[in-house]
Structures are given as C-alpha cells and as structure tokens.
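Asks: Got a structure for you, questions after.
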C-alpha cells in the first residue's frame, strides 16, 4: 500500500505576492506560475485563486518545489474543476506518491483534464503503473508527458498494456529521456503503434535504444497515417 502524503499545514500562512500574480490573469485563460519558488503550502492558494476563482483553463507550475503533498492538493481540485484542461508540472518533485494522487483523480468520471505534463519529477516504473491503471478508465486525457523521469522497461510495459487495450483516447505519449527504457521495450513500443489507431504521437528520443531498434520503430511508424515518432 502506498504511503499517503501529509497535507501541509497552512495555518497562518500567506503569500500575498502569489495572490496578486494570479489576480492579474484573465478569467477562463492560462495562469503561468513557472519558476516562482512555489512550495506545497502555496498549492491551496493556487487551487482557490487560480482554479476555482479565475477558473483557469491552463495552469503552468513548471520548475517550482512542489512535492507529493502539493500534488495531493492539486489532485483533489481536479476532481471538482470542469474548466481546467491542461496542467504543467515539469521540473518539480512529484514522485511516485504524488503520481498516485494525480492518477486517482484522473480516474474519476468527473475528470476533464486533457493534458498532463509531469516531466522531470523522479517518477519510476511504479508511478508509470499508476498512470497505466488510470488510462484504462480515463476517456478525457489526450496528452501524457512523462519525459526525463526514471521510467524503465517495466513501466513502459505497464503503459503499453493500457494503450493496446482498453484506452483509445490518448493521442500523445512522451517518454523521452527516460534512460532506463532500452531495446527490451522495442516490441512493446511497436505494438502500441500497430494496435492503437488513436495514438498519433510517441516520443522516445533520448532513451537507451540502439540504431537497429530505432529503425524498427521508424518502419512501423511509416505504416501509419499522420503519425509522429521522435526517437
């Protein structure tokens, strides 16, 4: 059983600068809070001010200091927001524990998120399994970006099993720069491309694939129409 992240205590915590930044954003639009030094304690403010009050459609939280407790706060908001469509968390420390919280939220029938960016968050094969389980249920997510993590061949297999059957709605999967994905995953990746007609983009550049393995994937990709392969 996975450990549940502890919710940060926000008693007597204020971040007036963050509130002012969010207030400048147009309602029903994007809220960009990249590289703002935000922590888990700021996520309650972000949820209240950006997601629920401004009703943002895109939320950019890239390269902050958000960990699994912050992910839990965001995950709870995903269960109740119908406006938020894109969430960018690249370059935080979400980890497998935070991935579990987000995956559970996206498995909810009320989830409306279409793009989730979680590159460079220390996610391993275990986190990939959580997202694979989510993809077996979710019918709204179109782009799942998991680049520059610690996902290997086992995690790749988990995701493939979800995309070969039963998920038919994901359009793009980014696994680039996961160095633990090797030639052992070539048949798995090829199967995804052959069987899943809805997937239109697969990024595995920067993985540990040989020249011959890359050639095999290119051969399969050329047999598809309007398919983008980065390898």
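Asks: Would you be able to say whether some residue in segment 152-161 is closer than 16 Å to residue 142 by Cβ, buried (at least 16 other Cβ atoms within 10 Å of the Cβ) and within 19 Å of the chain's Cα centre (by Cα)?
Replies: The answer is yes, given that some residue of segment 152-161 is closer than 16 Å to residue 142 by Cβ, buried (at least 16 other Cβ atoms within 10 Å of the Cβ) and within 19 Å of the chain's Cα centre (by Cα).
Asks: Of everything in segment 89-98, what is free of Cβ contacts under 8 Å to residues at least 40 places away in the same chain and either over 13 Å from the mean Cα position of the chain (by Cα) or under 25 Å from residue 29 (Cα atoms) (or both)? Give them in sequence order.
Replies: If the condition is that a residue be free of Cβ contacts under 8 Å to residues at least 40 places away in the same chain and either over 13 Å from the mean Cα position of the chain (by Cα) or under 25 Å from residue 29 (Cα atoms) (or both), then 89, 91, 92, 94 are the ones that fit.
Asks: Ok, one more. May I ask you to verify whether residue 164 is touching a helix residue (DSSP H, G or I) at 6+ places or on another chain (Cβ under 6 Å), modelled with pLDDT under 95 and either under 25 Å from residue 65 (Cβ atoms) or surrounded by fewer than 18 Cβ atoms within 10 Å (Cβ to Cβ) (or both)?
Replies: Criteria met by residue 164.
Asks: If you don't mind, another one. Checking residue 178 against (1) out of contact with any strand residue (DSSP E or B) (no Cβ under 9 Å at 6 or more places or on another chain); (2) surrounded by fewer than 21 Cβ atoms within 10 Å (Cβ to Cβ); (3) modelled with pLDDT of 95 or more, which test does it fail?
Replies: Among (1) out of contact with any strand residue (DSSP E or B) (no Cβ under 9 Å at 6 or more places or on another chain); (2) surrounded by fewer than 21 Cβ atoms within 10 Å (Cβ to Cβ); (3) modelled with pLDDT of 95 or more, residue 178 violates only (2).
Asks: Give me the pairs, please: first residue somewhere in segment 99-118 and touching a residue at least 40 places away in the same chain (Cβ under 8 Å), second residue anywhere and part of a loop (DSSP other than H, G, I, E, B) and buried (at least 22 other Cβ atoms within 10 Å of the Cβ), beta-carbon distance under 7 Å, and either six or more positions apart or on two chains.
Replies: Matching pairs, first to second residue: 117/89.
Asks: Let me ask something additional. Any residue that is modelled with pLDDT under 95 and under 21 Å from residue 122 (Cα atoms) - is there at least one of those in segment 53-74?
Replies: no
The values are calculated or read from the model by the stated rules, or taken from the named source; none is laboratory data. Just so you know, these numbers come straight off a predicted model, no measurement behind them. With ideal geometry, Cβ positions are generated from the backbone for all residues, glycine too; neighbour counts draw on all protein chains shown.
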